[in-house]
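Here the structure is laid out as structure tokens; the discussion comes afterwards.
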């Protein structure tokens, strides 16, 4: 896994501690995360694990002294002691608060990994192939589309060159629908003509040993009648898979009835790969489980046709089924969006009354609807089934702790907090925000403050890396990517931030002796705001500016 650059990192800390005792010890140290355990320790090597290395699990004192001496400064170690639970480490909290909060870009903005060579990926979103009308898209299709959009942005932030297919014609109904969902998808006024490439493909297939009509320059009318009217060729895929000894494909794959649309899809994919001028590209087919079988046919057909360029690496990212319950179980993707939007409109009117009108509110409601849908469809691992309750009486609310509305609400609380602070500065109640070098971060003693720094701000860049860490090491044709990571991270962050915000009064009395604590807390909130904004950016969700 590629790790973020400079600054303190939990991954780097874990790696150093694993080798610090001078023995080979895989998975010896564990980072604490619960508020209760973080009161007394930040890392622990449990006695049971130590027992495999040391007699009765007791680490010799000279080992502990050497660990502390060597890593005190680089790992910000405050203390290391042996307890009944095991060897525990407490970090230097004030020093880490200062290090992190004085260098926010190192922790709150994605860092592009330095790669030995250019890394290219083509994301082929299967549900968008074939010039579909938006009404033909199911909620399952929408899950794959949103996953493709999110994955593309995460990869771009990590330095990948990302191409998305199909390239949709502008001003179509599908493009309009995707814009409502804040999906950033490639579109042009006119798609690239593929007639010549499709014609070449037909020639290759007509001469292929895997084609029913193979080797016949002028197939007889009788042979042509065997195939349905819109089918150009019948290609024997099972024979190809067996001869090439390919693994991972569905055992039921036999023949492919090739239509022109399949050749057009492959033509665009090949054109996109060739744009990289010989660079190795990974092609990821993002597809729902119901269409996986058909997409494997496209994969194999491309391999048969791919006679002029280097072999293309193809992977399949398969989304599990979406099961809808309630009286609205029949809704398609467009109707699902409209349903959630009407709920968000109703919830906003109930909360704000007659204020909910005009273009600005329409934009807020649309953005909140997009966030709600994205969290609903992306917070579950892509390979797992997803259950949606679309019962009319089940309303969306900012008071729930699992949805996009709750995340947006807490992000908006930060915007409101800084708006209040800035207005108070203008009124002369508070001084201007000082330089971070002037702040004494030892004032951050509330346990929720360390929890927010240690569980969310410090590891944030590593969380972004975790989303795609399996991409370079995956074997087989199926790809598993942790695309649910960012949504789950934001939900957990919102829960812990909400608990802290409800308990702690950040903007204190305008008294000089209280300013340092207020400013250190505001600096912590600045970091959280940046984390929220960056994470939401990977989902193409606009951070709200008001409650």
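If you check 296, 303, which single one turns out to be buried (at least 19 other Cβ atoms within 10 Å of the Cβ) and within 30 Å of residue 269 (Cβ to Cβ)?
296
Only one of 271, 316 is in contact (Cβ under 8 Å) with a residue 12 or more places away in the chain, in a helix (DSSP H, G or I) and within 19 Å of residue 165 (Cα to Cα); which?
271 is the lone residue from the list that is in contact (Cβ under 8 Å) with a residue 12 or more places away in the chain, in a helix (DSSP H, G or I) and within 19 Å of residue 165 (Cα to Cα).
Residues checked against (1) in contact with a strand residue (DSSP E or B) (Cβ under 7 Å, 6 or more places away or on another chain); (2) assigned by TED's automatic domain parsing to the domain that holds residue 370; (3) in a strand (DSSP E or B):
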{"residue": "279", "(1), (2), (3)": "yes, no, no"}
{"residue": "284", "(1), (2), (3)": "yes, no, yes"}
{"residue": "291", "(1), (2), (3)": "no, no, no"}
{"residue": "294", "(1), (2), (3)": "no, no, no"}
{"residue": "298", "(1), (2), (3)": "no, no, no"}
{"residue": "336", "(1), (2), (3)": "no, yes, no"}
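Go through segment 10-50 residue by residue and tally those that are at pLDDT below 85 and more than 35 Å from the chain's Cα centre (by Cα).
3
Determine the pairs where a residue that is free of Cβ contacts under 8 Å to residues at least 12 places away in the same chain, located within segment 493-522, has a partner that is assigned to a loop (DSSP other than H, G, I, E, B) with Cβ atoms under 9 Å apart, the partner being 6 or more residues away or on another chain.
512/431; 514/508
Checking the condition within 20 Å of residue 160 (Cβ to Cβ) and either part of a helix (DSSP H, G or I) or over 23 Å from the mean Cα position of the chain (by Cα) (or both), which residue from 520, 534 passes? Talk me through it step by step, then tell me what you get.
Values: 520 fails: within 20 Å of residue 160 (Cβ to Cβ).
When all the criteria are applied, what remains is 534.
Please specify each residue of segment 427-483 satisfying the condition of being without any contact (Cβ under 8 Å) to a residue 40 or more places away in the chain and either under 16 Å from residue 520 (Cα atoms) or not assigned by TED's automatic domain parsing to the domain that holds residue 501 (or both).
Result: 432, 435, 438, 445.
Can you name the number of the only condition in (1) surrounded by fewer than 20 Cβ atoms within 10 Å (Cβ to Cβ); (2) assigned by TED's automatic domain parsing to the domain that holds residue 243 that residue 353 fails?
Only one criterion in (1) surrounded by fewer than 20 Cβ atoms within 10 Å (Cβ to Cβ); (2) assigned by TED's automatic domain parsing to the domain that holds residue 243 is unmet by residue 353, namely (2).
Under 7 Å between Cβ atoms, which residue pairs at least 6 apart in sequence (or on different chains) link something in segment 228-241 that is closer than 12 Å to residue 211 by Cβ with a partner that is modelled with pLDDT of 95 or more and not in a loop (DSSP other than H, G, I, E, B)?
Short answer, once both residue conditions are applied: 235/301; 237/297; 237/300; 240/300.
The values are calculated or read from the model by the stated rules, or taken from the named source; none is laboratory data. Source: prediction; values computed, not measured. Note that each Cβ is placed from the backbone with ideal geometry, even for glycine, and that neighbours are counted across all protein chains shown.
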